[in-house]
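A short write-up of the structure that comes next.
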């Protein structure tokens, strides 16, 4: 991977507490998987930044190599790769996502108590 692309990826990840590499934008996702992860972050009122990989093929291919993960979207929290849509969905279903937000000190609108009342799902 080009060092300039790697630097750009690292800068995005390291200068944002929550960063999503996705297809499209949060306002107009270009695939269901990207839309689902955006939906989760929005439902939890988590502030995040993003990169539309459809606008830059070098970033699109570079992020896959950088994280050693073959698909998009890719979620990073506090510089750490969390995973793609399947992992995020599993974390929401199990409640682990709130534990991750809390351990990383990410502001969100749900507490462990609210998880017991029922967590938001993607189709709501």
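Every read-out reported here was derived from the displayed coordinates using simple, explicitly stated rules and does not represent laboratory data. On a predicted model such as this, the values are computed, not experimentally measured, just so you know. Because the Cβ atoms are built from the backbone with ideal geometry, glycine has one as well, and the counts that use them run over all protein chains shown.
Taking only the alpha carbons of the chain, what extent do you get along each of the three principal axes, in Å, biggest first?
The Cα atoms of the chain stretch 47, 27, 22 Å along the principal axes, largest first.
Using only Cα atoms, tell me the angle between helix 32-43 and the longest principal axis of the chain; keep it within 0 to 90° and round to the nearest 10.
Value to nearest ten degrees: 50.
Restricting to DSSP H runs of at least four residues, report the calculated mean residue ellipticity at 222 nm for the chain, -39500 (n - 2.57) per run over all residues, nearest 500 deg cm²/dmol. Don't jump to the answer; show the numbers that get you there.
Numbers: 6 runs with 59 residues, N = 124.
Taken over the chain, the calculation gives -14000 deg cm²/dmol.
Working out 0.36 nm times the residue gap between residue 11 and residue 71, then minus their Cα-Cα distance, what length gain in nm do you get to one decimal?
On the way: separation 60, 0.36 × 60 = 21.60 nm, distance 2.03 nm.
Using 0.36 nm per residue and subtracting the Cα-Cα distance, I get 19.6 nm.
Explain nothing, just the number: relative contact order of the chain, from Cα pairs under 8 Å at least 6 residues apart, as a whole percent.
Numbers: 166 pairs, mean separation 35.5, N = 124.
Reported as a whole number, the value is 29 percent.
Report, to the nearest 10°, how far helix 85-94 tilts away from the longest principal axis of the Cα atoms in the chain, using its own Cα long axis and a range of 0 to 90°.
Its long axis makes an angle of about 20 degrees.
Report, to the nearest 10°, how far helix 57-67 tilts away from the longest principal axis of the Cα atoms in the chain, using its own Cα long axis and a range of 0 to 90°.
Value to nearest ten degrees: 60.
Which of 108, 50 has the fewest other C-beta atoms within 10 Å, and how do the rest follow up to the most? Numbers along the way, then the final one.
Numbers: 108 18, 50 22.
Arranged by neighbour count, lowest to highest, 108, 50 become 108, 50.
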